[in-house]
1. Kindly evaluate residue B:101 against the criterion of being under 28 Å from residue A:39 (Cβ atoms) and away from chain A (no Cβ under 14 Å).
2. Only one of (1) free of Cβ contacts under 8 Å to residues at least 24 places away in the same chain; (2) under 12 Å from residue B:14 (Cβ atoms); (3) away from every other protein chain (no Cβ under 14 Å) fails for residue B:51. Which number is that?
3. Among the listed residues A:268, A:237, A:255, A:314, identify the single one that is within 24 Å of the chain's Cα centre (by Cα), surrounded by 17 or more Cβ atoms within 10 Å (Cβ to Cβ) and at pLDDT below 95.
4. Got a sec? Which of B:50, B:82, B:89 is surrounded by fewer than 21 Cβ atoms within 10 Å (Cβ to Cβ), farther than 28 Å from residue A:34 by Cβ and modelled with pLDDT of 95 or more?
5. Which ones in the stretch A:345-359 are without any contact (Cβ under 8 Å) to a residue 60 or more places away in the chain and either surrounded by fewer than 12 Cβ atoms within 10 Å (Cβ to Cβ) or not in a loop (DSSP other than H, G, I, E, B) (or both)?
6. So which strands (runs of 3 or more DSSP E) are wholly in the stretch A:25-79 and hold at least 1 residues that are surrounded by fewer than 18 Cβ atoms within 10 Å (Cβ to Cβ) and more than 21 Å from the chain's Cα centre (by Cα)?
7. Counting just the residues of the stretch A:279-293 that are out of contact with any strand residue (DSSP E or B) (no Cβ under 6 Å at 6 or more places or on another chain) and assigned to a loop (DSSP other than H, G, I, E, B), which one comes out farthest from residue A:355 (Cα to Cα)?
8. In the stretch A:292-305, how many residues are surrounded by fewer than 16 Cβ atoms within 10 Å (Cβ to Cβ), over 18 Å from residue A:249 (Cβ atoms) and within 14 Å of another protein chain (Cβ to nearest Cβ)?
């Protein structure tokens, strides 16, 4: 036996990706397709038509119980008790120090039944954490290993899915429902990470190849990988856990205020209240360059010659034809007075402040 | 991976095409494919004198940034300024429309430090293994 520590996990579509000549890379402990045809082609396909992403690496937990009595309300930062049935709400889970352990989406399946969708890294640890923090008035199940997931994203996504699921038309932004799809009863939500009209389909793990192949029979749909997904999300200014959100970044620094409900109790709240009193040190900024050069994760940010922070995410924006990025800077610096640069110590790129989203013509709410 | 006969290659995946005392420089099909979609190139300035294997340009793709080294010593006499607006020409046509610069060769003996198409092919085979 060859002793390989921590081999990469594979989604049920691994061999499909290889067949399509995808470039497979390690991502959060998984072997995932970063690109098939090419990142920019897949980007264009998503912005202009429709693409399908394998996102089976994400984790799904089912919790049964009352919002408060189950303890779920205390684990997540967003308000959930008032969520209408069959809606989704974005937020995070924090540690006691107020650091972000993960960002997540809560689905309200029924009055007392929830699905929580978490990021791919360390799903088992997060499941253990949920089990520890949930009360006896709850039932918990980690269904990540039986749940496949495909994201169908792009302005044509509704049209192509309607061939398989005519009722898809009824879904509004950030809602979901059960649908009959290829003979299976599955959850489809109108959510995504691209800024385009799109859907996330939760499908039986061992049957996912059937759905993948069925979707790709439609020549309007093409597969897209993590590379395109990263460019698409960054053009919207969406945060990526591990870069723009992490244990060492406070949600108060990360511009996460909308997703914190200070009217309820949640883990990490006390720490955040203290931070509010003493004031946080950094803030998240969004910037664009005047050249095609890309800011990169971990570049430094300079105000004139003074180092004031760090780029958390950066890329070339295909829609703006220039570099864009986001990063954390010293809150006390007056950014308007000075010129801003990002880069290593040499080779700096001049950037200017802007607002998210960088890309403003998405079909998200069409 | 496409390799053109008659060109000379470096282990950093640049090529040159020598015509008289001028070398046209570019990057190979292997390099453009490994980089993926190229989004930016910082070209050298015409007139600059370069040593063999000295950095002459830097190139960025969606996912990575890399340096390009001059395969031979000499003076840059022309650059492909089309690449400023259309760096993707390197992906589409790395041996023709995606050429990077023309260099007036200072020392022909340096050719001995470069690989033939056959030798470069062997290098690529060893990389694929």
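The values are calculated or read from the model by the stated rules, or taken from the named source; none is laboratory data. These numbers come from a predicted model, not from an experiment. Cβ coordinates were reconstructed from backbone atoms using ideal geometry, including for glycine residues, and neighbour counts include every protein chain displayed.
1. For residue B:101, the condition - under 28 Å from residue A:39 (Cβ atoms) and away from chain A (no Cβ under 14 Å) - is met.
2. Status for residue B:51: all satisfied but (2).
3. Working: A:268 fails: at pLDDT below 95; A:237 fails: at pLDDT below 95; A:314 fails: at pLDDT below 95.
Exactly one of A:268, A:237, A:255, A:314 is within 24 Å of the chain's Cα centre (by Cα), surrounded by 17 or more Cβ atoms within 10 Å (Cβ to Cβ) and at pLDDT below 95, namely A:255.
4. On the way: B:50 fails: surrounded by fewer than 21 Cβ atoms within 10 Å (Cβ to Cβ); B:89 fails: farther than 28 Å from residue A:34 by Cβ.
Only one candidate qualifies: B:82.
5. Taking the stretch A:345-359 as the starting set, the residues that turn out to be without any contact (Cβ under 8 Å) to a residue 60 or more places away in the chain are A:345-348.
Within the stretch A:345-359, A:345, A:346, A:348 qualify.
6. Working: elements: A:30-35, A:50-54, A:59-64.
Strands (runs of 3 or more DSSP E) meeting the threshold: A:59-64.
7. A:279
8. Here is the first cut: in the stretch A:292-305, the residues surrounded by fewer than 16 Cβ atoms within 10 Å (Cβ to Cβ) are A:298, A:304-305.
Going one step further and asking which of them are over 18 Å from residue A:249 (Cβ atoms), we end up with A:304-305.
Now restrict to residues that are within 14 Å of another protein chain (Cβ to nearest Cβ): none.
Counting residues in the stretch A:292-305 that are surrounded by fewer than 16 Cβ atoms within 10 Å (Cβ to Cβ), over 18 Å from residue A:249 (Cβ atoms) and within 14 Å of another protein chain (Cβ to nearest Cβ) gives 0.
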